[in-house]
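Engineer: Shown below is the structure under consideration.
Every number in this text was worked out from the coordinates using simple rules, so none of it is lab data. A quick note: this is a predicted structure, and the numbers were derived from the prediction, not measured. Heads up, the Cβs are rebuilt from the backbone with ideal geometry, glycines too, and the neighbour counts pull from every protein chain shown.
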Amino acid sequence: MPRMLDVSDEVRAEIGDEEADRLLAGDNAPGSYDCTSCRTPGDSEQERTSTVLFIGDETAVLAFAHASCLPSQVVQVTEEQLQGAVRSISGDSAPGGPQKSVPEQAVLGVTSGLVLIAGELHPALVVEPTSPIARPGTDGVGDDFLPLLIEQGFMPMTQLAAVPPVLHGWSVLLAVGQLHAVLQPGPTGGQPVAWWQAHQPLQVTDGWRAAANKHQQVLMFAAPVGSIGRQPREDLLRDAIDKAAANGKLVAAALPLAGL
């Protein structure tokens, strides 16, 4: 059955006319999917759906999103980010032969908030993936999200008694008062690349932006899936961060601002 898919010219140019036409005809596109932006279910037979192609250095992953969440587009990411985000590939065979499957992605959830450390408010980002992150090149068993970050220089924290040390080379990109990306050093020491990039710039509060302007840095806390969750209030977010730290499931660093 034909799908209600949007395939942009740039996505078509990357995957080729033949593959794009197969998607539009419904041959390789799923009916139901989890939106790569909002992570809620979608149905390409019932609602307009965007094809989003994530491209790393060697790998490309085709994902799907509600058209109301994201336009069809090509998103450049690092190979490590892409490999870490691909948790598993369903290899089930359908009657009549094998059916091409779509990788399931882990998405990094990012929450902004103010945290009080040593009597002073600091702007913070809390990062938690939606599913376990496997080490690139492994069979996908286990969760290496924190070890991978520790290898990059993030520090394990058991309590929020002091501001974590600055991680040079990493930064937080703010532009026109909105959060755009978390940047990491380029693979060859060149321009920084996006470790996480917002599909749409994220709004932050005036208080958060003022604190970022004052300190010229943002504290980033990261925890494995299920450790913190989406908290509706900053006090609840702080409680969840403290519990993750006490359980040995928190790493952190202070990241300089790349713009404000």
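Engineer: Please report, to two decimal places, log10 I(q)/I(0) for region 116-171 at q = 0.16, 0.19 Å⁻¹ as given by the Debye formula with identical point scatterers on the Cα atoms and no solvent.
Structural biologist: -0.66, -0.86
Engineer: Just to be sure I understand the model, the point goes 7 Å from the Cα along the line to the Cβ. What's the resulting Gln231 to Val176 distance in nm?
Structural biologist: 3.1 nm
Engineer: With an 8 Å cut-off on Cα pairs and a minimum separation of 6 or more residues, tell me the relative contact order of region 108-259 in percent.
Structural biologist: Across region 108-259, relative contact order equals 33 percent.
Engineer: Then there is this: When a footprinting reagent is the concern and you count Cβ atoms within 10 Å, what order do Glu45, Glu128 take, fewest first?
Structural biologist: Glu45, Glu128
Engineer: Order by neighbour count: Leu116, Leu255, fewest other Cβ atoms within 10 Å first, most last.
Structural biologist: Exposure proxy ranking, most exposed first: Leu116, Leu255.
Engineer: Pop out the ³J(HN,Hα) list for region 200-216 in order, Karplus 6.51 cos²θ - 1.76 cosθ + 1.60 with θ = phi - 60°, rounded to Hz; leave Gly and Pro as x.
Structural biologist: Coupling constants for region 200-216: 10, x, 8, 6, 10, 6, 4, x, 5, 5, 5, 5, 5, 5, 5, 8, 6 Hz.
Engineer: Just want the ordering: His215, His122, from fewest to most Cβ atoms lying within 10 Å of their own Cβ.
Structural biologist: Listed from fewest to most nearby Cβ atoms, that is His215, His122.
Engineer: May I pose another question? For Thr49, which sequence-distant residues (separation of 5 or more, or a different chain) have an amide H within less than 5 Å of its own amide H, given hydrogens modelled in the peptide plane?
Structural biologist: Leu5, Asp6, Ala67
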